[in-house]
Structure formats: structure tokens, C-alpha cells
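In what follows, a single structure is set out as C-alpha cells and then discussed.
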Amino acid sequence: MAEGEEGSSIQSSHNSQADDAFLNELPRARFWDGMDICQWEGGWFEPGLIKPAMTFKTTFEAHNDDVLLVSPPKTGTTWLKALCLCITQNPSTENATETDDILVKENPHFNIQTIESMIYSTKPHPDLYSAPSPRLFHTHLPYKVLPDSIKNNSDCKIVYITRNPKDTIISLWHFFNSIFRPNLEPFPLEKAVECFCNGVHQYGPFFDHVLEYWLESQKRPNKILFLRYEELKRDPKGEVKKLASFLGKPFVNEEEVEKVLWRCSLERLRNLDVNKNGSILYGVPNSSYFRRGVVGDWKNYLSPELQEQINRTARSKFEGSSLDLDA
Ligand code: A3P
């Protein structure tokens, strides 16, 4: 054992005991009979994410040209990652072949990793500083727990995407049913909506998450671009041009825009071998990130009572903010 190692291992065992004690004291709830979640900084998180989130918050040093993508789960993260990869990193020359395409080689979650579940969860001190510029990261964490170096002490940009809450909960419901209950009856939708509306779900409360980023994006539109899944569907060219300009990589012609949209389309990504097989995270199959991608799919599932419950929650949370995710 090298000099000092014994001391550092005692220190780290003290630290981990302190971490365990800290986590044990946090309020806990059971999420959908599938996993425990803890309340920290006003939000609900799987316990294993809290220490990585704290390390990120206290140690991450942003570069001016970093880009942080943020989303509540199931609001278009995979699509946004694919689009940003194409816009910032991939050769889009005429001669580029299918095999040059970064999206053909890996699932988008591999190339833009989620900070708290894929980076700091495996290494407390990851070597992020030798990564080529611009560095692209993703998080599902709320604005209030982002490091100051991202929010205030650098020119790092933030791209936020969100979605109609009714489609978000339906997408979540399908996703978690496929993960937690593959051979069981789906979790009762009424209970899922209840958890969603009272905020006791992974990365909840959804409505607070969206509102915080919305308000910040209104104050600092050059720092935070606020996107909506429905707008990307309604006007893909316009929204993707906006995204590219925000990232400082405006398109040179319409053909480029169309190519990026085609490369990132749900149909194409779903059918790539890399997404039909394998798994990036905790055994979650890559295929589970691609479902229907339809705006208004909630109409096929939510009773008028459940719709009203979600609408009422949205109205009360967003009141006075000019934000309307139903519009
Ligand atoms: P549905 O469950 O409504 O089909 P996330 O990437 O944040 O996990 O969100 C998943 C949702 O985005 C799923 O919605 C999925 O089908 C949809 N999605 C994934 N890739 C997409 C793409 N390239 N274009 C449009 N929607 C996509």
C-alpha cells in the first residue's frame, strides 16, 4: 500500500458513512412500487443519483463553449441529443457516408451522457477536461441544483426541452411499465397521474422543473434556449434552425436542415441496429427510447377526470407565468 493510501481509505470510508447517514435522513417515498426515491433540494431522486448530483454541483467547472442539454424525463431528450450531435460534431460534407454518421455508430445517449447517472455515478472525479470542445452534456436535474459555474460564472449555454405534461406522463407510464413491470399488468394509470401531479416521481415535481427553466430562459434568452417537443414536431425546420443558430452553428442551406432532420428522425433512429439492440444504461434497452413520438397520444389513455387533474395542476403551478404547455 502506498504511503498515505491507508489514511485516504479511512477518510473515504468516513465519507461514505457520512453520505449514507445523510441519505438515510432524507424523506423517502416509494415510486410506482418499483423503486425508492428521496427528497433532496425540493425534488425527488433515486438515492444513487444524489451523491453524483452533489459532486457535480460542487466541483464541475464549466468552459465557455460547453453546452448543457436539460430535460425532464420523456420529453424529447433522445431527439435533442441526436440533433445537437448532428449540428455540432458530425461532418455534414456531401461525401460523408452512412458509416461516418455518429448516430449509426452509437445510441445518442452514449455520445451525450447524462451527468448524474452516467458520468459522476461511475467516477467521482471524471476526466472531463481533456474532452474536445465544445463539450456537450445532459442532465435531468432541476435548475436550482446546477453548478454556479454553469449558471453564472461562464458563458456555457443551456438548451432545455419539455413537453405537454399529458403526453409526458403517458410516455413515462409506458417507459416505466416496460422497465419495472415487463411481465405484469401496467401500473394503474390513476396512481401514476396522482404521483405525477403531486410531484413524487423520479426528478419530480415536473411542473416546478419546467417553470424554473422557463423563468430563467425569459430572463436570459441568450443563455437558455427553451424548446418544446410539440413545436419541434409542428415546425421542425424552423425550430432546428433556431437551435443551430443558438449553438453558433447556423445552417448554410435548406438541404443541410433537411438532412439533419432526416438523420434524427424517429423512424430512422428506431431502425438503426445500434438502437434495436443493446443497452446504454442500467440494462434499459436502447429500443425503449423510441416509441410512437405522437403529439396528443394522451387522448388514447386519459379519462376526462385524469385530463382535468393534470390541467388543474398545470394551471395552478403556471399561473401568472405566461407558460402554457397545452397551447
Ligand atoms: P413517446 O413515448 O410519446 O413515443 P426521452 O428521449 O426524453 O426519453 O423521450 C422519449 C419520447 O421521445 C418518446 O415519446 C419517444 O418515442 C420520443 N422520441 C424518441 N426519439 C425521437 C425522435 N428522433 N423524434 C421524435 N420523437 C422521438
List pairs: first in the stretch 244-269 and over 18 Å from Glu106 (Cα atoms) and acidic (Asp, Glu), second part of a loop (DSSP other than H, G, I, E, B) and away from the ligand (no atom under 16 Å from the Cβ), Cβ under 7 Å, 6+ apart or cross-chain?
-> Glu256/Ser92
Looking only at the stretch 86-93, decide whether some residue is at pLDDT 90 or above, farther than 27 Å from Thr55 by Cβ and of a type in the set (A, V, I, L, M).
-> yes
Among the residues of the stretch 125-142, is any surrounded by 20 or more Cβ atoms within 10 Å (Cβ to Cβ) and part of a helix (DSSP H, G or I)?
-> no
Consider Lys123 carefully, then state whether it is among the basic types (Lys, Arg) and without any contact (Cβ under 8 Å) to a residue 60 or more places away in the chain.
-> yes
Could you give every pair whose Cβ atoms fall below 6 Å, whose first residue belongs to the stretch 75-86 and is closer than 17 Å to Val284 by Cβ, and whose second residue is within 6 Å of the ligand (Cβ to nearest atom) and of a type in the set (Gly, Ala, Ser), counting only separations of at least 6 or pairs across chains?
-> Thr77/Ser71
Return the residue satisfying two criteria in turn: it lies in the stretch 50-76 and is more than 19 Å from Ser133 (Cα to Cα) and within 16 Å of the ligand (Cβ to nearest atom), and of such residues it is surrounded by the fewest Cβ atoms within 10 Å (Cβ to Cβ).
-> Pro73
Have a look at Leu189, Leu146, Leu184 and point out the one that is more than 15 Å from the chain's Cα centre (by Cα) and at pLDDT 95 or above.
-> Leu189
Which residue out of Pro221, Pro236 is more than 13 Å from the ligand (Cβ to nearest atom) and modelled with pLDDT of 95 or more?
-> Pro221
Checked Asn277, Asn286 against criteria (away from the ligand (no atom under 16 Å from the Cβ), among the polar types (S, T, N, Q), at pLDDT below 95 and under 18 Å from Lys105 (Cα atoms)); the one match is Asn277
In the list Asn164, Asn198, Asn183, Asn153, which residue meets the criterion of being of a type outside the set (Val, Ile, Thr), touching a residue at least 12 places away in the same chain (Cβ under 8 Å) and more than 16 Å from the ligand (Cβ to nearest atom)?
-> Asn153
Kindly indicate the residue of the stretch 293-323 that is touching a Leu at 6+ places or on another chain (Cβ under 7 Å) and of a type in the set (Gly, Ala, Ser) and also surrounded by the most Cβ atoms within 10 Å (Cβ to Cβ) among those meeting that condition.
-> Ala314
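The values are calculated or read from the model by the stated rules, or taken from the named source; none is laboratory data. Just so you know, these numbers come straight off a predicted model, no measurement behind them. FYI the Cβ positions are ideal-geometry reconstructions off the backbone, even for glycines, and counts take in every protein chain you see.
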